[in-house]
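Each remark here refers to the structure printed beneath this line.
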Amino acid sequence: MEPGENGMYHIGFQPIEDIRNHFSGDMWIDRTTFDLVKIDLAITDAARHPFVPIFRADRLSNVDLQISLTFKNVGSSNNPDHINFRYQVNYSSIRNNPGGMDPSIIQREIATHGVLYFYDYDDPFIIPRFEYDANYDDYRKMSIIPFNKVFWDNNNTMILTGKQKENLGFFASNGLLINFKEGKYGKEFLSLTHYDSSLYENYYTFWDSSKRFSLNRSLARNRIYTPKKINGSILTNLYNLEVQLLLDVTRVGPEFSFKSYTVFDENKSSFHLPEEPNTMAFLNIFFDLCEIERRKMEHALYTTANAMEQIDSIYQGTRESMKILTAKYLKEVKLGKSKSALEKWNAYVLERLDINNVKLSADREDKF
């Protein structure tokens, strides 16, 4: 027990052993309600921490963490008010030198701090509807969801300082303002934010009328099997095509704003067959059919939805109709081998999107 203050219990704590794996700190508890009011956590030279080096050869050392969480009563519950955090780390950049010389090592001391502020408890953000791997790091997750201008234009809680505005102006004038406008997300966002795109392999391709989709054969899930393995397998086990609908909803007063995208999910897809003359048309018609359903969904959202229950119902209904439509397509076209069926579905897409995949596939050397 530490000296109390302002009607609170003040408790200090530290690990009995293994101090590099556990926090030390202080906590303040309301004497009347026994609610946690504040807790400070600190660890020096942490053996476990949430950081990894950018390159595998690099090393982190002397990681120090300080985290302070403050709470307040909102209604009948105890809620977080803000979190202060600070960390310091020694970063060793290890680079091989030509000619067999010893590698060069550059030491950097890195430190940062920040505040996470909780507000407007009765009006939480609407989390975008999208399924991604729960193990993805935050940076990769941020690259998936496109910039939403409506959301930021109507979120005035975070006010920029004069210096921050000056910095944004500098980056904007030099063409370096990343993810502050439409069209820079997914693969394009990751390729812009780091020169070594292999660090953040992106598995999501957003539908674009000006571009056609092609398989990433560098992925193991798209590796072409040998003829013997193909002949000994069930055809439907040799490929799987997964497309997601990303829906980002913003509430502006009593109204809703919607942004939606059709996204080919290579993390869940696979294609172990060799490409044939109609493969490109086959894949892109599949993708286009999903885009057609997305457009139907967005029209329904803007014309009929006025509550989150309706929005989620329309979203889930569209996902189901998309599965039914694409299943029918896959059954009929037989990977593009049924020319008449492929022509029928190509006409369906051509009428609705003005895209002739069969023609583009025939001229794919120039188009893809």
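The values are calculated or read from the model by the stated rules, or taken from the named source; none is laboratory data. The structure displayed is predicted, hence computed values, not measured ones. Positions of Cβ are backbone-derived with ideal geometry, glycine not excepted, and every protein chain shown enters the neighbour counts.
For the stretch 51-104, how many residues meet the condition of being within 28 Å of H22 (Cβ to Cβ) and of a type in the set (S, T, N, Q)?
11
Looking at the stretch 116-174 only, could you name the residues that are farther than 28 Å from I311 by Cβ, free of Cβ contacts under 8 Å to residues at least 12 places away in the same chain and either of a type in the set (K, R) or part of a helix (DSSP H, G or I) (or both)?
G162, K163, Q164, K165, E166, N167, G169, F170, F171, A172, S173
Could we say that S340 is within 30 Å of I224 (Cβ to Cβ), at pLDDT below 95 and among the polar types (S, T, N, Q) here?
Taking the combined requirement at face value, the residue does not satisfy it.
Taking the options D138, D102, D123, D81, name whichever one is of a type in the set (D, E) and surrounded by 10 or more Cβ atoms within 10 Å (Cβ to Cβ).
D81
Sort through R140, R129 and tell me the only one that's of a type in the set (D, E, K, R), modelled with pLDDT of 90 or more and under 26 Å from S260 (Cα atoms).
Answer to the selection: R129.
Give me a count of the residues in the stretch 93-144 that are among the hydrophobic types (A, V, I, L, M, F, W, C) and touching an Asp or Glu at 6+ places or on another chain (Cβ under 7 Å).
Adding up the residues that qualify gives 2.
Could you tell me how many of the residues in the stretch 15-39 are over 18 Å from D81 (Cβ atoms), within 37 Å of the chain's Cα centre (by Cα) and part of a loop (DSSP other than H, G, I, E, B)?
Total satisfying the criteria: 4.
How many residues are of a type in the set (G, A, S) and touching a residue at least 40 places away in the same chain (Cβ under 8 Å) if we restrict to the stretch 299-343?
Number of matching residues: 2.
Look through I311, I324, I285 and report the one residue that is touching a helix residue (DSSP H, G or I) at 6+ places or on another chain (Cβ under 7 Å) and over 23 Å from S214 (Cβ atoms).
Residue meeting the stated conditions: I311.
Since F258 meets every condition but one in (1) surrounded by fewer than 21 Cβ atoms within 10 Å (Cβ to Cβ); (2) part of a helix (DSSP H, G or I), which condition does it not meet?
Failed condition: (2).
Look at L238 and say whether it is in contact with a Leu (Cβ under 6 Å, 6 or more places away or on another chain) and at pLDDT 80 or above.
Yes: the conditions hold for L238.
Is it the case, given these coordinates, that R48 is among the basic types (K, R) and without any contact (Cβ under 8 Å) to a residue 24 or more places away in the chain?
no
Scanning the stretch 287-323 for residues that are of a type in the set (S, T, Y) and crowded, with 17+ Cβ neighbours inside 10 Å, which turns out farthest from the chain's Cα centre (by Cα)?
By that ranking, first place goes to T318.
What number of residues within the stretch 205-228 satisfy the criterion of being in contact (Cβ under 8 Å) with a residue 24 or more places away in the chain and either of a type outside the set (A, V, I, L, M, F, W, C) or loosely packed, with under 14 Cβ neighbours inside 10 Å (or both)?
9
Does the stretch 303-314 include one or more residues that are in contact with a Lys or Arg (Cβ under 8 Å, 6 or more places away or on another chain), at pLDDT below 95 and not in a helix (DSSP H, G or I)?
no
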